[in-house]
Amino acid sequence: MSESLGIIQLGPTADYSTEKLKERLSPKFPHYEVKTVTAMDTPAMAYDSFREQYHSTRILAFLEEYAQTVRMDHILGVASFDLYVPGMNFVFGEARCPGGVAVISTYRLRVKRLDDSDLFASRILKEAVHEIGHMMGLRHCTEPSCVMYFSERLADTDRKGDDFCAECESKMKWLEVE
Ligand code: ZN
Ligand code: ZN
């Protein structure tokens, strides 16, 4: 039986549809049954009012509880608000590595022009694939075109592709059969 991966919108507003993300992620992870899950309220306990950002590790803890409640193997949260971890100004996303939960934020992936919506969608896809790779146990890759390359800034995200390099791909196959 294939493992389930639920995509959930965090908070009342979204700037990208989880349904569209599901359609783009499904063919990349054929061993997962990808579903969308009903949106949930923003986890208030993760908000830092001084930084005006959400602590992504607290969101992961929140999602872990939620995954048990809905009995899903993996949950990917999609937030439109800004995320951080202590010691960094912001993060595009975070995941348990390996583990059952991950979160991405669309906040810093936004484009200035409306007609750049393809660029926006491709950035979201890359960050989602990257965090799912972490959930599966993949670490950062030194190949700048690989989706597992660490994005420190948006230029890194725009340079890399939405696929795993041959080496990450083979590691992933190996992790899958474990
Ligand atoms: Zn990463
Ligand atoms: Zn790689």
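Here, each number is a calculation from the coordinates, and none is a lab measurement. In this text the structure is predicted, and so the values were computed from the model without any measurement. Positions of Cβ are backbone-derived with ideal geometry, glycine not excepted, and every protein chain shown enters the neighbour counts.
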Practice task
Name the long-range amide H neighbours of VAL101: under 5 Å, sequence gap of 5 or more, or other chain; modelled H, no Pro or chain starts.
Solution key: ILE75, ARG96
Practice task
State log₁₀ I(q)/I(0) for region 65-178 at q = 0.21 Å⁻¹ as given by the Debye formula over alpha-carbon point scatterers of equal weight, solvent excluded.
Solution key: -1.20
Completion exercise
With x for Gly and Pro, the residue-by-residue ³J(HN,Hα) of region 114-120, computed from phi through the Karplus equation 6.51 cos²θ - 1.76 cosθ + 1.60 at θ = phi - 60° and given in whole Hz, is 4, 6, 9, 5, 5, 5, 4
Problem - Within region 86-109, backbone nitrogen closer than 20 Å to the virtual label 7 Å beyond the Cα of VAL70 toward Cβ - result: 93-97, 99-107
Handout entry: Relative packing of 147-157, 125-135, which averages over residues the other C-beta atoms within 10 Å, highest first
Key = 125-135, 147-157
Completion exercise
Under the Karplus relation with 6.51, -1.76 and 1.60 and θ = phi - 60°, whole-Hz ³J(HN,Hα) for region 123-133, x at Gly and Pro, equal 5, 5, 4, 4, 5, 5, 4, 4, 5, 5, x
Practice task
List every residue whose amide H lies under 5 Å from the amide H of ASP82, counting only residues 5 or more places away in sequence or on a different chain, with H placed 1.01 Å from N in the peptide plane.
Solution key: TYR54
Fill in the blank from the handout: The relative contact order of region 77-136, taking Cα pairs under 8 Å that sit 6 or more residues apart, comes to a percentage of 38
Handout entry: Extension gain (nm, one decimal) between ALA44 and ARG153, 0.36 nm per residue minus Cα-Cα
Key = 36.6 nm
Fill in the blank from the handout: In whole angstrom, the spacing between the Cα centers of region 120-141 and region 1-57 equals 13
Problem - For the chain, cysteines whose Cβ has no other cysteine Cβ within reach (under 4.7 Å) - result: CYS97, CYS168
Exercise for the section: Please work out the FRET efficiency for the pair ASN89 and ALA61, using the Cβ-Cβ distance as r and a Förster radius of 25 Å; give the result to the nearest 0.05. Expected result: 0.70
